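Undergrad: Below are the structure tokens for one structure; questions will follow.
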Amino acid sequence: MSVPHTCLHCAVPPYMLHELARRGSDRQREWALRTLAADATIRQARAVNAKERGSSPREGADALAAVTSTTPKPNRIIRDGQSAWELTGLPRLRSEGEGPTGDPAVDEAYDGLGDTWTFWWEVFSRESIDDENMPLRGVVHFGEEFDNAFWDGRRMVFGDGDGELFLRFTRSLDVIGHELAHGVIEDEAGLEYWGQSGALNEHVADVAGSLVRQYKLGQDAAAADWLIGADLRGDEFDGDALRSMKAPGTAYDDAALGKDPQPRHWKDYVRTWDDNGGVHINSGIPNHAFYLLATNLGGTAWGRPGRIWFETLRHPRLRKTATMRQFAQLTHQVARRRYGASSAEAGAVLQAWEDVGVKWP
Ligand SMILES: [Zn+2]
């Protein structure tokens, strides 16, 4: 059986699953191959959804909503994947405003989508992913022992995990925040999912995922763990999380999953054809810069640092093919304009990028 290519916007990066297919037990290899096979199918579906969304009026963009001034509310719909590999014709398990069902996957998905919606609204006055209050759809119990979660351009899909290495994917709020952020990034910047711009796409999604969790927990930058996916580790998983923004390259070191390959400095940038040119790998460099900025400035990371990053994401001069240096320069420019050329904020942005080896004349 050949191992298919990478999954776009999946929580577990392809290289972890490739390692599992290579080094794992027979059972683990089976989980990995099944997940990789499903991921390849998902990638195609996602491309179709993105196209459709671009050419037709957006769902949830109610014309009346624009002229009334009521406070917007999320619109969540959670469906049952019924352990199958299908995403259509699925029964509803919980809709907006309905109470808990008692099924933790359903209720965690509902709450996680709600927490993510609240973050975007309260922090950035953004109504859902597209700023037109697009409904937040979730599918739980997708596939069998599916070791992933993903955003397919239309909905967030969660596997139940294998129970040993990975638990159900609804457990991790930062992963939910990360996946939904891909929708925001697509909408605002369309950063191409390859090489440096792809690593920036992954980076902004990690920032958003971590901020959603920090905001929910009311943590400032110093108190946060800066981990992605800590809550979905099973007993067999040797490590802290999928990724660490605080210490990229140290998140895990596991007999079956291999070792965290993320660099934290530009000098260690990984040139590879795998993982769309290392999008989940080299995101470690800007991730660490953001962590340094947030902890050096102090306070809440969704405050000044988050504001600078979100403005950069929306900046008309941010190109789809931006390099890390171009992105970094733009964050500095935004910080200077917003807080002043000689402000602590602008200085801290420059210092953070310099500390990870991203410099400009
Ligand atoms: Zn991602």
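The values are calculated or read from the model by the stated rules, or taken from the named source; none is laboratory data. Note that the coordinates shown come from a computational prediction; the quantities given were computed from them, not determined experimentally. So basically every Cβ, Gly included, is an ideal-geometry build from the backbone, and we count neighbours across all protein chains shown. For the accessible areas, the whole protein counts, side chains as well, though only heavy atoms, and no ligand, DNA or RNA atoms are used. Shrake-Rupley method; radii C 1.70, N 1.55, O 1.52, S 1.80 Å.
Undergrad: Just to verify a number: FRET efficiency for A222 and S342, C-beta to C-beta distance, R0 = 25 Å, to 0.05?
TA: 0.50
Undergrad: So what are the ³J(HN,Hα) numbers for the stretch 209-222, from phi and the Karplus equation (6.51, -1.76, 1.60; θ = phi - 60°), rounded to whole Hz, Gly and Pro as x?
TA: x, 5, 5, 4, 5, 4, 5, 4, 7, x, 8, 8, 4, 6
Undergrad: Related question: Would you look at the GNM of the chain, springs on alpha carbons closer than 10 Å, and say which of F150, F237, F290 moves the most?
TA: Comparing F150, F237, F290 in the GNM, the peak value goes to F237.
Undergrad: From the backbone phi of the stretch 137-148, what are the Karplus-calculated ³J(HN,Hα) couplings (6.51 cos²θ - 1.76 cosθ + 1.60, θ = phi - 60°) in whole Hz, Gly and Pro given as x?
TA: Coupling constants for the stretch 137-148: 9, x, 10, 10, 6, 7, x, 10, 6, 6, 8, 6 Hz.
Undergrad: Once you list every other residue whose beta carbon is under 14 Å from the beta carbon of P316, what net charge do they have if Lys and Arg are +1 and Asp and Glu are -1?
TA: Counting the neighbours of P316, the net charge comes to +3.
Undergrad: Would you mind counting up the charge near L242? Only other residues with Cβ under 10 Å from its Cβ, with Lys and Arg at +1 and Asp and Glu at -1.
TA: Computed value for this residue: -2.
Undergrad: Continuing with the same structure: Amide H neighbours of I129 under 5 Å, counting only residues 5+ apart in sequence or on other chains, H built in-plane at 1.01 Å?
TA: For I129, whose amide H was placed from the backbone, the distant partners under 5 Å are M134.
Undergrad: Hey, another quick one. Name the residues whose placed amide hydrogens come within less than 5 Å of the amide hydrogen of F166, ignoring near sequence neighbours (fewer than 5 apart) on the same chain.
TA: G234
Undergrad: Another one. What are the ³J(HN,Hα) values, in whole Hz, obtained from phi via the Karplus relation 6.51 cos²θ - 1.76 cosθ + 1.60 with θ = phi - 60°, for each residue of the stretch 116-124 in sequence order, with x given for Gly and Pro?
TA: Karplus-based 3J(HN,Hα) across the stretch 116-124 equals 5, 4, 4, 4, 5, 6, 6, 8, 10 Hz.
Undergrad: Related question: In a GNM of the chain with a 10 Å cut-off on Cα contacts, which of T101, T71, T118 has the highest mean-square fluctuation?
TA: Taking springs between Cα atoms under 10 Å, the residue moving most is T71.
Undergrad: Express in nm, to one decimal, how much length is gained between E354 and E86 on full extension, taking 0.36 nm for each residue of separation and deducting their alpha carbon distance.
TA: Contour length minus the Cα-Cα distance gives 91.8 nm.
Undergrad: Same structure, new question: Treating the beta-carbon of each Lys and Arg as +1 and of each Asp and Glu as -1, no other charges, what is the dipole magnitude of the chain about its Cα centre, to the nearest 20 debye?
TA: Computed charge dipole of the chain: roughly 1480 debye.
Undergrad: Within the chain, how many lysine pairs that are 8 or more places apart, or on different chains, have C-alpha atoms less than 19 Å apart?
TA: Pairs that pass both the separation and distance tests number 5.
Undergrad: Any idea what log10 I(q)/I(0) is at q = 0.08, 0.15 Å⁻¹ for the chain, Debye with uniform C-alpha scatterers and no solvent?
TA: Log10 of I(q)/I(0), two decimals: -0.36, -1.35.
Undergrad: Moving on to the next point. Skip the ligands, DNA and RNA, and give the accessible area per residue of the chain with a 1.4 Å probe, whole Å².
TA: 41
Undergrad: Another question about this same structure. Give me the percent of accessible area attributable to carbon and sulfur for the chain, probe 1.4 angstrom.
TA: After summing per-atom areas, the C and S share lands at 47 percent.
Undergrad: Pull up all non-local amide H partners of L93: gap of 5 or more, or a different chain, and H-to-H distance under 5 Å with H placed in the peptide plane.
TA: It is I78, R79, D80, by chain and number.
Undergrad: Please name whichever of A241, Y291, Q326 sits farthest to the positive end of the charge dipole of the stretch 195-355, dipole taken about the Cα centre and charges placed at Cβ: Lys and Arg +1, Asp and Glu -1.
TA: Q326
Undergrad: Where both residues lie in the chain, what percent of DSSP beta bridges are antiparallel, nearest 5?
TA: 60
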